[in-house]
1. Measuring from centroid to centroid over Cα atoms, what is the spacing of the stretch 242-297 and the stretch 108-136 in Å?
2. Spin-label point model (7 Å from Cα, Cβ direction): what's the THR267 to ASP161 distance in nm?
3. Using a 10 angstrom Cβ neighbour count of at most 11 plus a DSSP loop assignment to flag exposed GluC sites (Glu not before Pro), which longest range of the chain is free of such sites?
4. For the stretch 313-412, which chymotrypsin sites (Phe, Trp or Tyr not before Pro) are both in a DSSP coil and crowded by at most 15 other Cβ atoms within 10 Å?
5. Using the 10 angstrom Cβ neighbour count as an exposure proxy, how do HIS50, HIS144, HIS260 rank, fewest first?
6. I need ARG156, ARG149 ordered by Cβ neighbour count within 10 Å, fewest first.
7. With everything on Cα atoms, drop me the angle between helix 61-70 and the longest principal axis of the chain, reported from 0 to 90° to the nearest 10.
8. Enter the angle in degrees (range 0 to 90, nearest 10) between the Cα long axis of helix 90-99 and the first principal axis of the Cα atoms of the chain, meaning the one along which they spread out most.
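Quick note: the coordinates plus some simple rules give every number you see, no bench work behind them. Everything numeric in this text was worked out from a predicted model, so none of it was measured. Cβ coordinates were reconstructed from backbone atoms using ideal geometry, including for glycine residues, and neighbour counts include every protein chain displayed.
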Amino acid sequence: MRTRRRQSDPRQVQLAVVPRKADGGLERRSYRYARLMQVSITNTYYAPPHACDDFTVSPTVASAALMKSLGLLLLAEPDGFSVLYDVNTRLNLLNYLSSQLKPFQVGLSFHLQLLTPEFGNFTRLPVDLDPASVNFYFTNQQAHVAGRRILLNRGRFVLGDELVEVVSSQVAVTVDETVVRVEVLDVFQDVVLCVPRCVPAAMAVSVMPDSITCEEALKDTGPRDLLVCRNTIYLQFASLTEGLYTIREVRIPGLPRVEHTVLYTGTFKYAFVNLLFCEPPVTTGEEPGVYPVRRLTSGRPAIVPVDYELAFRRRATYWRYYVVLPPKARGAGGLTIQTEPPGAVTFSGPTPVLIATATPAFLFVSDRPVPLSQTVPVRFILNSDDGVLMNSMPVASTDQILPNFCFHDYSDVYVYV
């Protein structure tokens with residue numbers, strides 16, 4: 001069983017570093033690192049405190065470069081990761097943010113990649129989740145306080161509604177004659193890429209139409225009566241940093257815009273975490289989020305370390321026991337499944353059925369979904385009129401979950417007495 005002790009206070013652990021020179025000597029300057037932000041991952045499948053070590057973390061290319069320039073470090077934690085800053089040079093970070101035109105847009109992004117292939121089996125998530133086509137997206141713009149915790153997920157636990165379509169460096173958008181241009185907007189609704197559907201023919205002779213931006217097309221002084229129009233526009237996301245974007249089709253006046261959200265990120269990741277340093281402007285009705293840098297523009301800026309949590313919940317399935325009795329057994333007389341402690345789980349059955357190769361068996365189905373757990377606190381006992389047939393029955397495995405998209409998920413257990 002894997003258990004981890006979480007650091008509930010991001011300020012408790014500090015790292016003192018005295019680097020060496022190239023000649024082996026010690027530099028006079030010392031570094032004292034403390035947590036700026038921490039992301040702890042929990043899953044109720046594991047025993048309390050539910051620490052989950054099923055992920056590895058890595059920064060995006062742009063975030064790795066920014067961390068290096070600001071002297072920030074990434075520390076892999078047993079149940080997540082932390083971003084560390086040098087306490088002695090905290091003013092460097094604050095001054096950098098203050099010097100930015102839009103400091104609230106500055107942040108760090110990280111990939112979470114699964115180490116445990118069975119994670120989706122024992123966690124309450126869509127069973128058909130394909131990380132190649134969708135990823136989870138979490139951001140501290142949606143962080144909220146729940147008791148003593150600060151959750152990155154929208155609700156109490158991670159749900160499927162936080163999944164976003166993953167796109168590669170080139171995205172094809174099919175359009176019709178009603179579309180004027182296609183825009184790409186970042187999470188702050190700023191247009192970062194704009195491609196017109198129709199471009200001047202004179203420009204299209206020397207330049208690929210998909211590389212011509214809206215601004216360049218407007219600057220063209222050639223004749224406007226000759227245009228090259230396309231029904232498929234290829235957006236070049238390679239010019240953008242990894243992150244969440246909105247693809248918007250701007251149509252002719254009178255027709256509504258069509259838009260959808262995508263996540264531009266590396267292939268075969270699982271989750272994308274975007275953490276801003278300081279609070280962006282909040283419009284009415286939006287959640288304010290939680291950020292480590294406070295009062296940046298007030299003249300009294302402060303760094304307040306934040307411990308975020310990503311909370312996953314274990315899956316619950318209907319357990320189906322297929323009990324195969326010896327050929328000389330007297331049938332299912334008094335055959336029951338009891339639990340210790342008594343009544344923890346109840347079953348309907350037995351029902352005579354045939355399993356593989358037409359083998360007779362008796363089917364028991366739990367009356368309600370049973371939560372999966374790394375350590376099952378219940379003992380299942382098979383009884384009959386002849387007494388106890390099995391004092392400790394096998395429990396449901398997380399290797400395979402049988403989805404029923406109309407009703408509930410099932411876990412099948414075969415018992416040979």
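1. The stretch 242-297 and the stretch 108-136 have Cα centres spaced 21 Å from each other.
2. Between THR267 and ASP161, the simple spin-label model gives 3.3 nm.
3. 28-176
4. Within the stretch 313-412, the qualifying chymotrypsin sites (Phe, Trp or Tyr not before Pro) (loop, at most 15 other Cβ atoms within 10 Å) are PHE405, PHE407.
5. Ordered by Cβ neighbours within 10 Å, fewest first: HIS260, HIS144, HIS50.
6. Lowest to highest Cβ neighbour count: ARG156, ARG149.
7. Long axis of 61-70 versus the principal axis of the chain: about 70 degrees.
8. It is inclined by approximately 60 degrees.
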